[in-house]
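Trainee: What follows is a single structure, and I will ask about it in a moment.
The values are calculated or read from the model by the stated rules, or taken from the named source; none is laboratory data. Note that the structure is predicted; figures quoted are calculated from it, not measured. Neighbour counts run over all protein chains shown; Cβ positions are idealised from the backbone, glycine included. All accessible areas refer to the heavy atoms of the entire protein, side chains included, with ligands and DNA or RNA removed. Shrake-Rupley method; radii C 1.70, N 1.55, O 1.52, S 1.80 Å.
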Amino acid sequence: MKRFLAALAITIFGLTGAQAADLAARPYTKAPPAVAAVYDWTGFYVGGNVGYGWGERADPAMSVIDGGSGLGAFLTTGFPGFPSGNLYPNLKPSGVFGGLQIGYDKQFGTWVVGAVADIQAADFKASRTVSTPASTCCNADESLSAKINWFGTVRGKLGFAANDWLFYGTGGLAYGEAKSTLGFVCTPGGVGCAGATIGFAGSQSETKVGWSAGAGVSKAIGQWNVGIEYLHVDLGRSSVTATSTTGFFTATTITASQRFVEDMARVTVNYKFGPSAIVAKY
């Protein structure tokens with residue numbers, strides 16, 4: 001009996017030891033790290049924008065072909081003993097705008113490069129009429145207006161991506177319609193008008209090409225992103241020439257050259273095409 005119990009004990013301890021050895025021999029497997037979700041800005045997108053633009057000073061430069069009218073002296077040095085009658089206003093065309101954009105971005109690590117084109121309808125405008133006082137010798141109404149009806153840009157982008165936030169700078173080509181009107185009227189009874197209405201008027205509309213630059217920030221929400229952007233648009237100068245409207249001094253012309261420069265802020269909303277915008281990062 002004693003021998004049987006001793007043999008049983010040896011068998012049990014032997015099996016336990018073998019199992020323990022098997023367990024100790026199994027390799028250790030490390031748990032996989034947590035998966036981080038990172039937004040991928042790569043892809044084509046389309047969207048819309050709306051904003052407000054405030055114009056810089058138009059700085060009108062006046063020139064006159066006198067044609068025997070005396071306006072050349074009046075609008076430059078002034079008649080002898082009188083100051084210049086050039087009181088044409090310095091305008092700042094401002095207003096709201098809205099339009100569409102299309103673009104493509106490519107992400108390289110945390111850097112994003114891209115290109116975007118947009119076009120907007122605009123209501124940037126300013127106008128004013130100034131009545132010259134008798135102290136200039138001649139009482140007259142001088143009017144000037146400046147307006148941008150539409151504009152567009154084609155720009156490059158360079159940005160830094162912080163997951164689903166994108167901070168970027170942008171710059172490139174700008175184009176748009178610059179429109180001006182110019183007027184000069186001296187009515188009977190006004191000093192120096194010789195008892196007759198003397199009037200000049202002109203308008204000019206042309207497509208101008210210039211440059212643009214700015215910066216913005218966008219926040220992605222799935223396939224959509226919303227952003228805020230500042231943009232400076234410089235379309236250069238545009239000239240308008242006024243000619244006689246009353247038959248007097250038909251050889252006389254008045255020309256005004258104005259700057260068309262806008263600073264603007266806008267909200268953008270875009271939809272990005274392509275596969276899921278979220279990629280796994282280990």
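Trainee: When the Cα centres of region 50-89 and region 119-172 are compared, how far apart do they sit, in Å?
Mentor: Here the two parts' Cα centres lie 21 Å apart.
Trainee: Let me ask you something else. If DNA, RNA and ligands are ignored and the probe is 1.4 Å, what is the ranking of Arg266, Arg128 by accessible area, most exposed first? Could the numbers behind the result be given before it?
Mentor: Numbers: Arg266 10, Arg128 140 Å².
Final ranking, largest accessible area leading: Arg128, Arg266.
Trainee: Okay, next question. Using a 1.4 Å probe and counting only protein heavy atoms, arrange Val240, Val267 so the residue with the most accessible area comes first.
Mentor: Numbers: Val240 0, Val267 75 Å².
Of Val240, Val267, the descending order of accessible area is Val267, Val240.
Trainee: Quick one: if you stick a label point 7 Å off each Cα along the C-beta vector at Ala162 and Tyr271, how many nm between them?
Mentor: 2.9
Trainee: Multiply the residue separation of Ala121 and Gln223 by 0.36 nm, subtract the distance between their alpha-carbon atoms, and state the gained length in nm to one decimal.
Mentor: Numbers: separation 102, 0.36 × 102 = 36.72 nm, distance 2.65 nm.
Difference between extended and current length: 34.1 nm.
Trainee: Give the residues of region 72-113 whose amide nitrogen is closer than 19 Å to a point set 7 Å from the Cα of Phe248 in the direction of its Cβ.
Mentor: Counting backbone N atoms under 19 Å from the label point, the list is 72-76, 78-80, 85-87.
Trainee: Percent relative contact order of region 145-255, based on C-alpha pairs within less than 8 angstrom and at least six residues apart?
Mentor: Numbers: 258 pairs, mean separation 28.9, N = 111.
Normalised by residue count, the contact order of region 145-255 is 26 percent.
Trainee: List the pairs from Lys157/Lys179; Lys92/Lys179; Lys92/Lys147; Lys147/Lys208 whose alpha-carbon separation is above 19 Å, in the order I gave them. Mind dumping the intermediate values first?
Mentor: On the way: Lys157/Lys179 30 Å; Lys92/Lys179 13 Å; Lys92/Lys147 9 Å; Lys147/Lys208 12 Å.
Going by Cα-Cα distance, Lys157/Lys179 fall outside the 19 Å limit.
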